[in-house]
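A short write-up of the structure that comes next.
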Amino acid sequence: MPWPAPVTIAIFPSRSPGMTCSLSSLGAVSRRQRGALRVGPEALLTLASERCRMRRGSTMGLEVETREGLEIERHDGGVVVLRLARPDRRNAVDNATARAYTQFLNDANVDSSVRSIVLTGTEKNYCTGADVPPGATKMNTLDYRYATEDYRSWFKALWEVEKPVVSAVNGNVAGAGWMMALLADLVVANTDARWTHVFTRRGMVPHAGDPYFLSKIIPFHRLNEIALLSDTLTSADLDKWGLINRCVAADDVLPTAMELATRLAAGPTRTLGLTKRLYRRALSTDMATSFEDERNATALISTTKDRVEGVMSFVEGRPANFIGD
């Protein structure tokens, strides 16, 4: 099914006490309506389409787009925040939201305006896994093999995206939320956030790509403890196991993640993308294949403007000014 046309709201300063909203929606709002729309700074603007809304307190100049429960915030400098916004479902992800993540991540590979990505949640939950649709357990056995295909595609896209990703784990994590958090390149987490693997608690085996991905990230016996005992852990526990880069107070999670993402966004984007690709592929390939990947990446990156800038800045004794190309 084709994606609905996204609606973008850009908020800019106005000369009047209110704010002028510039909207583009491929026909969703007429030119006359656009000119008439004015809201006060404390108002909540809502369009007829539920796919488009502005969160209260948005930063001036910040663009916010919503797709199926996924808020996409585009910040200056190429940092994009993907905020899971399904608090009424405890931030469980349904199939439509999983597809929205997949589409964004796949598109980001060839979108030069995206230079780093931050993943986060809303309120007290980061992501509590899949939102199982009614009737899912009534599928016949053959069809049931494909019940989590949208989630596998999402995590494959997250694993392979060639832009740096920082997860900002603001709250509780369960089920597939482990992958949404730990498949990032850097993990910032609320010290008190609670993590529950949950699958075996419900008589299920891990799925949605969990056995493949988590076995690449978590040491074997720690993974067995997480999966077989299914005890609830905290970010502080995972920090001791080496799974988290920054374990901070709740109020510091997003600022810390944004600081890291901003640093990454100022780097040589294509170099960072190929670097993470090399390390991730090396987890699943033999030595000969890894060496060949390295040769190819070295040759490819030599053609980029940032590679030239890196060399010239070294020769000239100045900081590099990378443009992401």
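The values are calculated or read from the model by the stated rules, or taken from the named source; none is laboratory data. All values derive from a computational prediction rather than experimental measurement. Using ideal geometry, Cβ is built from the backbone for each residue, glycine included, and neighbour counts are taken over all protein chains shown.
Exactly one of (1) surrounded by fewer than 20 Cβ atoms within 10 Å (Cβ to Cβ); (2) in contact (Cβ under 8 Å) with a residue 12 or more places away in the chain; (3) outside any helix (DSSP H, G or I); (4) not charged (D, E, K, R) is unmet by Ser153. Its number?
Ser153 satisfies all of (1) surrounded by fewer than 20 Cβ atoms within 10 Å (Cβ to Cβ); (2) in contact (Cβ under 8 Å) with a residue 12 or more places away in the chain; (3) outside any helix (DSSP H, G or I); (4) not charged (D, E, K, R) except (3).
Quick one: is Pro87 surrounded by fewer than 17 Cβ atoms within 10 Å (Cβ to Cβ), under 26 Å from Thr234 (Cα atoms), touching a strand residue (DSSP E or B) at 6+ places or on another chain (Cβ under 6 Å) and assigned by TED's automatic domain parsing to the domain that holds Val248?
Details: surrounded by fewer than 17 Cβ atoms within 10 Å (Cβ to Cβ): yes; under 26 Å from Thr234 (Cα atoms): yes; touching a strand residue (DSSP E or B) at 6+ places or on another chain (Cβ under 6 Å): yes; assigned by TED's automatic domain parsing to the domain that holds Val248: yes.
Considered against the rule, which asks whether it is surrounded by fewer than 17 Cβ atoms within 10 Å (Cβ to Cβ), under 26 Å from Thr234 (Cα atoms), touching a strand residue (DSSP E or B) at 6+ places or on another chain (Cβ under 6 Å) and assigned by TED's automatic domain parsing to the domain that holds Val248, Pro87 comes out as yes.
Suppose we filter region 130-150 for residues that are assigned to a helix (DSSP H, G or I) and not aliphatic (A, V, I, L, M); how many remain?
The first filter runs over region 130-150 and keeps only residues assigned to a helix (DSSP H, G or I), leaving 136-138, 141-144, 149-150.
This time we only want the ones that are not aliphatic (A, V, I, L, M), so: 137-138, 141, 143-144, 149-150.
Looking only at that region, the number is 7.
Taking region 89-135 on its own, how many of its residues are touching a helix residue (DSSP H, G or I) at 6+ places or on another chain (Cβ under 8 Å) and of a type in the set (A, V, I, L, M)?
Adding up the residues that qualify gives 8.
Is region 266-288 home to any residue that is surrounded by 12 or more Cβ atoms within 10 Å (Cβ to Cβ), more than 30 Å from Pro211 (Cβ to Cβ), free of Cβ contacts under 8 Å to residues at least 24 places away in the same chain and out of contact with any His (no Cβ under 6 Å at 6 or more places or on another chain)?
No.
Restricting to region 224-236, what's the tally of residues that are in a helix (DSSP H, G or I) and not aliphatic (A, V, I, L, M)? Even if it seems obvious, please write down each step before you answer.
From region 224-236, those in a helix (DSSP H, G or I) are 224-229, 235-236; that's our starting set.
Among the residues that remain, those that are also not aliphatic (A, V, I, L, M) are: 224-225, 235.
Total satisfying the criteria: 3.
Quick one: what pairs do we get from region 304-324, first residue of a type in the set (S, T, N, Q), second surrounded by 10 or more Cβ atoms within 10 Å (Cβ to Cβ) and not in a helix (DSSP H, G or I), C-beta under 6 Å, 6+ apart or different chains?
Pairs found: Ser313/Ala320.
Conditions tested, residue by residue: (1) surrounded by 23 or more Cβ atoms within 10 Å (Cβ to Cβ); (2) at positive phi.
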site	(1), (2)
Asn140	no, no
Glu149	no, no
Lys163	yes, no
Val166	yes, no
Asn190	yes, no
Arg202	no, no
Gly209	no, yes
Phe220	no, no
Leu229	no, no
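What tally of residues in region 133-175 results from selecting those that are among the small types (Gly, Ala, Ser) and in contact with a Ser or Thr (Cβ under 6 Å, 6 or more places away or on another chain)?
4
Out of Leu223, Leu274, Leu228, I need the residue that is within 19 Å of the chain's Cα centre (by Cα) and modelled with pLDDT of 95 or more. Which one?
Leu274
Looking only at region 160-209, which residues are of a type in the set (A, V, I, L, M) and either over 16 Å from Cys247 (Cα atoms) or in the same structural domain as Leu274 (by TED's automatic domain parsing) (or both)? Walk me through it before giving the result.
Taking region 160-209 and keeping what is of a type in the set (A, V, I, L, M), we get 161, 165-166, 168-169, 173-174, 176, 179-184, 186-189, 193, 198, 204-205, 208.
Val161, Val165, Ala174, Ala176, Met179, Met180, Leu183, Val198, Met204, Val205, Ala208 - these are the residues of region 160-209 that are of a type in the set (A, V, I, L, M) and either over 16 Å from Cys247 (Cα atoms) or in the same structural domain as Leu274 (by TED's automatic domain parsing) (or both).
Table: residues versus (1) aliphatic (A, V, I, L, M); (2) outside any loop (DSSP other than H, G, I, E, B).
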residue	(1), (2)
Tyr212	no, yes
Ser215	no, yes
Arg222	no, yes
Asp251	no, yes
Leu254	yes, yes
Ala257	yes, yes
Gly273	no, yes
Ser284	no, no
